[in-house]
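The values are calculated or read from the model by the stated rules, or taken from the named source; none is laboratory data. Remember, it's a predicted structure, so these values are computed and weren't measured experimentally. Ideal geometry is used to build each Cβ from the backbone, glycine not excepted, and the neighbour counts take in all protein chains shown.
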Amino acid sequence: MLQFPKWKIMMVLMVSLFGLVWSVPNLLSRDVTDRLPTWLQPVSLGLDLQGGSYLLLEVDTAYVVREMQANLVEALRVTLRKEKAKYSDLGAMGRDAVKVRLLEAADRERLRPELRKLEPEAEFAIAEDGLVTFKYPEPVMNKRIRAAIGQSIEIVRRRVDELGTREPSIQHQGVDRIVVQLPGIKDPDRIKALLGKTAKLTFHMVDDSVTPEEAGRGRVPPGSMLLNSAEQERGLPAQYVVKKRVEVGGDQLVDAQPTFANGQPVVSFRFSVAGGKKFGDTTRENSGKFLAIVLDDKVISAPRINEPITGGSGQISGSFTVRQAQDLSLLLRAGALPAPLQVLEERTVGPDLGADSIKAGAIASLLGIVLVVIFMVVIYGVLGLMANVALVLNLVLLTALLSVLGATLTLPGIAGIVLTMGMAVDANVLIYERIREEHRLGRGIIGSVQAGFERAFGTILDANLTTLVAAALLFQFGSGPIKGFAVTLTLGLISSMFTAIMVTRLLVSLWIKWHRPKTLPL
Amino acid sequence: MSSFYARLIARTPKFDFVGKRIFAFIVTGCIVAATFGSIAIKGFNFGIDFAGGLLIEVQTTDGPAKIGPMRDILGGLGLGEVSLQEFGATGRDVMIRVQRQEGDEKAQLAALTKVKEALGAGYDYRRVEIVGPKVGEELKQDGILAVGLAVLAIAAYVWFRFEWQFGAGALIATFHDVIATFGLFSVTGLEFNLTSVAAILTIAGYSINDTVVIYDRVRENLRKYKAMPVYDLLNLAVNETLARTFLTVATVFITVVALLVFGGEVLHGFSVAMLWGLIVGTYSSVFVALPVLIYFNLRSGADREDEEQGTEALP
């Protein structure tokens, strides 16, 4: 009756051994654990404990759509001009279409195949009155938005990697969100500034048919635009009129590095072969004119083209500080974001506060467990001691489970562990009280112990499963640190059921067998 | 060998818990009414998780913080309501809360820059949290959803494992605990944030744990004592499990107090709520979840179950 099958004893021993081995790395210093294999690592600490920065970013999907429309409008303008067609009403229509009106009936059929080719994925129609429409179907829009988000994540990853932060984590969340976790970052201002820039670099010809002052009064020629200068104060024009047509784009860059020219920090760049050829052609055709270098719709500088630049490389100078030159070249190397990002949420914890939290959590856990251990011995004597063995083993197993599963320990997670310590002995209390009751009803010692363990089991199971229901919902809807709390609570409940039922039972059985007590020690 | 505890409680106590039910229901009614009253009048002190805005924890690098001048500097920035609160033993820690800024997410980031520029050097930024309006609203919805679903899921589980009467009792008791904890946050003005939601769910989980232990004994006694009046049966069940209730409350109490005293500023609200929840949860198990069973026809359910088991036993 109190006999334990050999396999059960083996299992308890194996599980305990597993717990010991996998929890040991948590006691070692970082130097030692770095040399351990990946399957034997300590619990990873959440950003609230090790310090670091959590950023929740959102991709501006409306911008993606607007860009799609703007690109098509530009392509239409170029094509229609080349074909010398008369047109009006060129522009975006609603949130998913582009329109233009062909004024001459003859053009409608003549240009149909060519226009259609500009955007094969859109629904294309030419109405009786000459109105040409391109309408993007829902799936196409979604596909492009998804692609833009995927690309954004890639660019964010490259930018963060360029900064050389330790073990950054960049994850897609929901539809249009990106979670960036940067352990060890104390001040995320620079990263936020870098992620806040789309870094879209383009080269445009300056339109010298009007002055910026005239254009400012509303006389911007079609096909041109009025842009602000990046640096307002240094005796240069505050605004430029530039052609909308992009001569060469930043996507053609293969490298960008900060260097010095005439003692000033500048950014030197190199084009791909195709980009270099295009740049060479542009500079050859427009010798003597001004070329505007535009970053995120602001003109960095607009130097005069003195001679064709055919080497495929060049320099951007714009009275940068060293840091600005470094950041700009970093952004250019990493590439442009397809759409701007917004920081929806930021949580940064300094490493000192993290260390303080760990200390506070450790003291609270230690104190909690010591007091519970004393309490159990006072109440239950020698059987309380056995419950305590189970309790300590529970802590060891919980640590091992957290380490093996690669769970992240947060401060609320530590609170979960402390609470678990208080709740874990509940199973033992239920068992021992039941034993006491059975004994009072007149059962012998062995009979009472057996009945106590068996009858209490159902209660323990039901009581813990209901708590697990709450923990599971907490995990589902909690975010960040709260998830960590749900994880430790759940794992703690599971391991406490094992230790309270299996381990205590084994210990109590062995003790009764060896000691053969005459009275119930409760 | 007889331990201290055995001498303390030698026999099953015979308290008449069920007889005090009317008084208990009045107390419960008052708690619920006070909660709703307070929510209607005072509302909640929402933390930035839900309200949006900024939370900045700074520590001065030398000497105690001069909270008055700091308040003047930050109050003059035009950022709306800015509250400063000293904490910790050294007098160097200050928690700065800035209300949500008008406009979009960029406005929140701009406010942080303003605060940093205004305070200047001499401060170590130990914690910075910014929650934009969009995320705050989502977190609020998620929190409400989590609590609502937890209450229903717990009741459904109890219904599934026991009988509908028990499920209904668990639902009432869990609702009571959740409402009473909301009441604590509203009445005391304790900051209500994401950790508070975790506390509420943990309290619900703990309290139902307690309730299930008593229900389990009620079910067992229904089978054991077929002739006993339900009134006595309920009293017997709660008295039989009283020692366990007392002991488990004691161990959890110990750990919660350890958290409250040593857990630090971040866990303070959580620990206070847990302490309250421990009291409320235990109270509701004994004085709400149990006595409401007397109004449900308990015997019918139990008899049916016995019949079902009887048929199963037949070959």
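Would you say B:Ile279 is part of a helix (DSSP H, G or I), more than 11 Å from every other protein chain (Cβ to nearest Cβ) and under 17 Å from the mean Cα position of the chain (by Cα)? Spell out the reasoning first.
Numbers: part of a helix (DSSP H, G or I): yes; more than 11 Å from every other protein chain (Cβ to nearest Cβ): yes; under 17 Å from the mean Cα position of the chain (by Cα): yes.
So B:Ile279 passes the test.
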Is there a residue in region A:272-284 that is under 25 Å from A:Leu226 (Cα atoms), among the polar types (S, T, N, Q) and under 37 Å from the mean Cα position of the chain (by Cα)? no
Which fully enclosed helices (runs of 4 or more DSSP H) of region B:1-112 have 2 or more residues being within 24 Å of the chain's Cα centre (by Cα) and either within 14 Å of chain A (Cβ to nearest Cβ) or under 30 Å from B:Thr245 (Cα atoms) (or both)? B:21-41, B:48-51
What's the number of the only condition in (1) assigned to a helix (DSSP H, G or I); (2) within 20 Å of A:Leu47 (Cβ to Cβ); (3) among the aliphatic types (A, V, I, L, M) that A:Leu344 fails to meet? (1)
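Can you go through A:Arg434, A:Arg443 and tell me which one is assigned by TED's automatic domain parsing to the domain that holds A:Thr488 and not in a helix (DSSP H, G or I)?
On the way: A:Arg434 fails: not in a helix (DSSP H, G or I).
A:Arg443 is the lone residue from the list that is assigned by TED's automatic domain parsing to the domain that holds A:Thr488 and not in a helix (DSSP H, G or I).
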Run A:Ala62 past the list (1) of a type in the set (A, V, I, L, M); (2) away from chain B (no Cβ under 14 Å); (3) exposed (fewer than 15 other Cβ atoms within 10 Å of the Cβ); (4) under 30 Å from A:Thr348 (Cβ atoms) and report the number of the one that doesn't hold. (2)
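For the condition in a loop (DSSP other than H, G, I, E, B) and among the basic types (Lys, Arg), what is the one hit in A:Arg166, A:Arg146? Write out each step before concluding.
Values: A:Arg146 fails: in a loop (DSSP other than H, G, I, E, B).
Every option except A:Arg166 fails the conditions.
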For region B:102-140, name all the residues that are surrounded by 13 or more Cβ atoms within 10 Å (Cβ to Cβ), under 23 Å from B:Arg92 (Cβ atoms) and free of Cβ contacts under 8 Å to residues at least 12 places away in the same chain. B:Lys116
B:Ala204: farther than 16 Å from B:Tyr283 by Cβ and facing another protein chain (nearest Cβ under 10 Å), yes or no? no
Every pair of residues 6+ apart whose Cβ atoms lie under 8 Å, when the first sits in region B:253-270 and is in the same structural domain as B:Glu191 (by the TED database) while the second is at pLDDT 90 or above and assigned to a loop (DSSP other than H, G, I, E, B): B:Gly269/B:Leu190; B:Gly269/B:Glu191
Of the residues B:Gly189, B:Gly263, only one is of a type outside the set (Phe, Trp, Tyr) and more than 10 Å from chain A (Cβ to nearest Cβ); which? B:Gly189
When you go through B:Ile48, B:Ile31 one by one, which is the residue that is over 22 Å from B:Ile130 (Cα atoms) and either of a type in the set (Phe, Trp, Tyr) or in contact (Cβ under 8 Å) with a residue 24 or more places away in the chain (or both)? B:Ile31
Could we say that A:Val382 is out of contact with any Asp or Glu (no Cβ under 6 Å at 6 or more places or on another chain), surrounded by fewer than 24 Cβ atoms within 10 Å (Cβ to Cβ), part of a helix (DSSP H, G or I) and touching a residue at least 12 places away in the same chain (Cβ under 8 Å) here? yes
Just to be sure, is A:Gln315 outside any strand (DSSP E or B), away from chain B (no Cβ under 14 Å) and of a type in the set (S, T, N, Q)? no
Would you please name the residue that is farthest from A:Phe475 (Cα to Cα), looking only at residues in region A:360-409 that are more than 10 Å from every other protein chain (Cβ to nearest Cβ) and touching a Gly at 6+ places or on another chain (Cβ under 7 Å)? A:Leu393
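Does B:Leu201 qualify as being surrounded by 19 or more Cβ atoms within 10 Å (Cβ to Cβ), assigned to a helix (DSSP H, G or I) and modelled with pLDDT under 90?
When the stated conditions are applied, B:Leu201 passes them.
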Write out, first by first residue and then by second, each pair whose Cβ atoms fall under 7 Å of each other, whose residues are 6+ apart or on separate chains, and whose first residue, in region B:68-97, is on the phi > 0 side of the Ramachandran plot while the second is loosely packed, with under 15 Cβ neighbours inside 10 Å. B:Gly91/B:Pro64
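Looking at region A:101-156 only, could you name the residues that are among the aromatic types (Phe, Trp, Tyr) and without any contact (Cβ under 8 Å) to a residue 24 or more places away in the chain? Can you show your working first?
First pass over region A:101-156, keeping only residues among the aromatic types (Phe, Trp, Tyr): A:124, A:134, A:136.
A:Phe124, the sole residue that qualifies.
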Checking B:Arg161 against (1) in contact with an Asp or Glu (Cβ under 7 Å, 6 or more places away or on another chain); (2) among the basic types (Lys, Arg); (3) more than 9 Å from every other protein chain (Cβ to nearest Cβ), the condition it does not meet: (3)
Hey, any hits in region A:238-249 for a residue that's of a type in the set (Gly, Ala, Ser), in a loop (DSSP other than H, G, I, E, B), at pLDDT below 90 and more than 31 Å from the chain's Cα centre (by Cα)? yes
